[in-house]
Amino acid sequence: MPSKVGLVYSDEYLKHDTGDHPENSKRLEAILSFLKGKNVLKDLTFINPRKADLKEIEYLHSSSYIQGVRELCKRGGGFLDPDTPVSKESFQVALLAAGGVFSAIDRIVDDLDSAFCLIRPPGHHALKKKGMGFCVFNNIALGARYAQNKHRLKKILILDWDVHHGNGTQEAFYRDPSVLYFSLHRYPHYPGTGDIEEIGEGEGRGYTVNVPLPPGCGDGDYIYIFKEILLPIMKDFKPGITLISAGFDAHADDPLGGMSLTSQGYGALTTLVRESSKGIVSCLEGGYNLKALRESVLAHLDSLGEFNLFPKERIDEEPNRGVKEIVKKVKGIHSKYTR
Ligand SMILES: [Zn+2]
């Protein structure tokens with residue numbers, strides 16, 4: 001039986017107006033119209049997002065930062081950092097982005113197997129006191145806290161396959177063994193963090209896992225990393241829910257990423273994670289080539305729902321030698337930590 005997949009979406013997400021910027025509302029429109037054209041919306045359970053309230057945003061962000069964003073938007077907008085424009089509506093839209101993740105988590109606890117949050121602004125670069133890298137509030141980190149505070153889920157796994165390191169998410173849980181942060185990303189690259197030696201601090205040591213990669217990595221490399229490192233860690237850690245920072249900017253055609261994943265590759269990665277998870281909430285992060293983005297999202301949803309919309313070709317590319325070396329090194333560093 002196909003598993004039950006939710007889709008969080010609202011036209012309100014289009015109102016975060018970034019002008020002529022790679023992270024713009026056309027991304028969501030392109031995905032949604034493609035899903036409509038492929039006739040998959042009928043297979044998805046629509047989830048109406050709610051707005052996060054300010055107390056919930058304070059699970060992670062300082063009240064002075066939250067008020068600063070609010071004021072800036074009230075004045076008509078501006079920039080949180082040189083990469084991160086906000087418009088008049090952005091504060092409310094950002095509350096709806098984080099709240100959309102909460103709505104999805106509610107439904108996973110209740111009746112669905114997984115949910116994809118088609119939301120913006122993205123979140124994984126947002127720090128406690130600072131928005132950056134197109135991100136305002138850290139949707140996925142807030143989602144992890146919400147799952148713990150509201151639903152008493154004890155252990156959360158955050159998988160971040162966006163091509164950029166999720167510095168905000170790492171910062172949020174660096175000393176916290178209840179949320180395991182696993183990221184694979186191009187390195188060195190924006191935002192500069194995500195070294196192999198960044199593994200957490202204090203009680204959180206071993207609960208941050210960074211797999212820094214050279215440019216050009218493809219399906220075979222990512223699948224190898226999942227099988228060799230991620231899945232064994234998930235088996236040990238046994239998360240109550242898996243949250244995915246689902247950026248699709250490691251796609252071969254992405255203008256910012258420099259990696260070479262295919263949309264089919266994203267489908268294969270999704271299947272591997274689904275088979276090891278109790279429930280999945282994935283959140284859109286990056287992905288800036290509209291054709292690559294919409295096809296990758298379709299492949300992701302197809303694998304989440306086991307819809308078999310298109311035939312699965314086997315991917316049996318060998319990982320490249322450099323990646324095998326990195327995997328060996330990550331395993332070595334993390335071998336002394338049991339989770
Ligand atoms: Zn990214």
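The values are calculated or read from the model by the stated rules, or taken from the named source; none is laboratory data. Owing to the predicted nature of the structure, the values given are computational and were not obtained by experimental measurement. Glycine gets a Cβ as well: all are built from the backbone with ideal geometry, and neighbour counts include every protein chain shown. For the accessible areas, the whole protein counts, side chains as well, though only heavy atoms, and no ligand, DNA or RNA atoms are used. Shrake-Rupley method; radii C 1.70, N 1.55, O 1.52, S 1.80 Å.
Over the chain, what percent of the accessible surface lies on carbon and sulfur atoms, probe 1.4 Å?
Of the solvent-accessible surface of the chain, carbon and sulfur hold 50 percent.
Mind listing the long-range amide H neighbours of GLY218? Cut-off is under 5 Å, sequence gap 5 or more, other chains count too, H placed in the peptide plane at 1.01 Å from N.
Those lying under 5 Å, H to H, from GLY218 are SER260.
Charges on Cβ only, +1 for Lys and Arg, -1 for Asp and Glu, centred on the Cα centroid of the chain; of CYS117, TYR187, VAL163, which one is farthest towards the dipole's positive end?
Most positive-ward Cα: CYS117.
Can you give the percent of C-alpha pairs in the stretch 29-181 whose distance is more than 19 Å?
Every Cα pair in the stretch 29-181 considered, those over 19 Å come to 54 percent.
Mind ranking 180-190, 211-221, 163-173, 64-74 by how tightly packed they are, going by the mean number of other C-beta atoms within 10 angstrom, highest first?
Ranking, from highest mean packing down: 163-173, 180-190, 211-221, 64-74.
Where does the chain land on the Kirkwood hydrodynamic radius, alpha-carbon pairs, in angstrom?
19.5
Measure out, as a whole number of angstrom, how far apart the alpha-carbon centroids of the stretch 242-314 and the stretch 101-141 sit.
The stretch 242-314 and the stretch 101-141 have Cα centres spaced 17 Å from each other.
Please state the charge dipole magnitude for the chain, taken about the Cα centre, from unit charges on C-beta atoms (+1 on K and R, -1 on D and E), reported in debye and rounded to the nearest 20.
Using Cβ point charges on Lys, Arg, Asp and Glu, the chain gives about 840 debye.
Among the DSSP beta bridges whose two residues both lie in the chain, what percent are antiparallel, rounded to the nearest 5?
So the antiparallel bridges in the chain amount to around 15 percent.
How large is the helix-only mean residue ellipticity at 222 nm for the chain, computed as the sum of -39500 (n - 2.57) over DSSP H runs with n ≥ 4, divided by its residue count, in deg cm²/dmol to the nearest 500?
-11500 deg cm²/dmol
Once amide H atoms are built 1.01 Å from N in the peptide plane, which residues 5 or more positions from HIS185, or in another chain, come under 5 Å H to H?
Here VAL211, LEU213 satisfy the definition.
Going highest first, how would you order 5-11, 143-149, 51-57 by mean Cβ packing within 10 Å?
Ranked from most to least packed, the peptides come out as 143-149, 5-11, 51-57.
Between VAL109 and ASP20, what's the calculated FRET efficiency when r is the beta-carbon distance and R0 is 35 Å? Round to 0.05.
Efficiency at R0 = 35 Å is approximately 0.30.
Over the chain, with the other protein chains present, what is the accessible area per residue in square angstrom, probe 1.4 angstrom?
Each residue of the chain exposes 40 Å² on average to a 1.4 Å probe.
Mind listing the phi-derived Karplus ³J(HN,Hα) values for the stretch 275-280, rounded to whole Hz, using 6.51, -1.76 and 1.60 with θ = phi - 60°, and x for any glycine or proline?
5, 10, 10, 7, x, 10
I'd like the Karplus ³J(HN,Hα) series for the stretch 314-330: coefficients 6.51, -1.76, 1.60, θ = phi - 60°, whole numbers in Hz, and an x wherever there's a Gly or Pro.
3J(HN,Hα) across the stretch 314-330, in whole Hz: 5, 9, 10, 5, 6, x, 7, 4, x, 5, 4, 5, 4, 4, 4, 5, 4.
List the residues of the stretch 263-293 whose backbone N lies under 19 Å from a point placed 7 Å from the Cα of GLU306 along the Cα-to-Cβ direction.
Zone members listed by number: 267-282.
I need the phi-derived Karplus couplings for the stretch 233-247: 6.51 cos²θ - 1.76 cosθ + 1.60, θ = phi - 60°, integer Hz, Gly and Pro marked x.
5, 5, 5, 6, 6, 6, x, x, 7, 10, 10, 10, 7, 8, x
Check LYS278: other-chain or 5+ apart residues with amide H under 5 Å from its amide H, H built from backbone geometry?
For LYS278, whose amide H was placed from the backbone, the distant partners under 5 Å are THR242.
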